[in-house]
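Below is one structure, written out as structure tokens; comments come after it.
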Amino acid sequence: MVTITPVEIGGHTFIATSVKLPKTTLLTVSNDKGYIMCGALDVSLLNNRLKDRKIVAGRAVGVKTIEELLNAPLESITWEAENLGIQVGMIGKDALLKMI
């Protein structure tokens, strides 16, 4: 099952997507500039093999719901996210506000 819902953060609307898979759930919250995602995100791949795409993204691990993703500290981020002022350890919703 795929669930897509709007999420309001600091007066800005983001899109939360949850994809139920066998034994796991993929979670993302995004806007047109970037996204945060659960532990399934491969930040190294984005930074190295897809570097030319300049993807703004952050990864939080151990989250099981969108609410947990929004409130969890980011474990890793892309170089492009760092260029926007997003830092490892920043909670998800604060990182999203940097993507405005």
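The values are calculated or read from the model by the stated rules, or taken from the named source; none is laboratory data. Quick caveat: nothing in here was measured; it's all calculated off a predicted structure. Cβ coordinates were reconstructed from backbone atoms using ideal geometry, including for glycine residues, and neighbour counts include every protein chain displayed. With ligands, DNA and RNA removed, areas are computed over all heavy atoms of the protein, side chains included. Shrake-Rupley method; radii C 1.70, N 1.55, O 1.52, S 1.80 Å.
Quick notes on this structure:
- Computed about its Cα centre, the charge dipole of segment 2-98 is approximately 260 debye, with only Lys, Arg, Asp and Glu carrying charge at their Cβ.
- Solvent-accessible area, 1.4 Å probe, carbon plus sulfur percent, for the chain: 54 percent
- Only lysines eight or more places from LYS33 in sequence, or on another chain, were considered; those with a Cα closer than 18 Å are LYS51, LYS54, LYS93, LYS98.
- Anisotropy class of the chain from Cα gyration tensor, a/c 1.5 cut: oblate
- Highest average packing first - 8-17, 54-63, 24-33, Cβ atoms within 10 Å: 54-63, 24-33, 8-17
- Accessible area expressed per residue, the chain, with surrounding protein chains retained (probe 1.4 Å, Å²): 58 Å²
- Taken one residue at a time, the phi angles of segment 17-26 give Karplus couplings (6.51, -1.76, 1.60, θ = phi - 60°) of 10, 10, 10, 7, 10, x, 6, 7, 9, 8 Hz. Gly and Pro are set to x.
- The phi-based Karplus calculation (6.51 cos²θ - 1.76 cosθ + 1.60; θ = phi - 60°) puts the 3J(HN,Hα) values of segment 4-16 at 10, 9, x, 10, 9, 9, x, x, 10, 9, 10, 10, 9 Hz, whole numbers, x for Gly and Pro.
- Accessible surface ranking for ILE100, ILE36, ILE91, ILE77, 1.4 angstrom probe, highest first: ILE100, ILE91, ILE77, ILE36.
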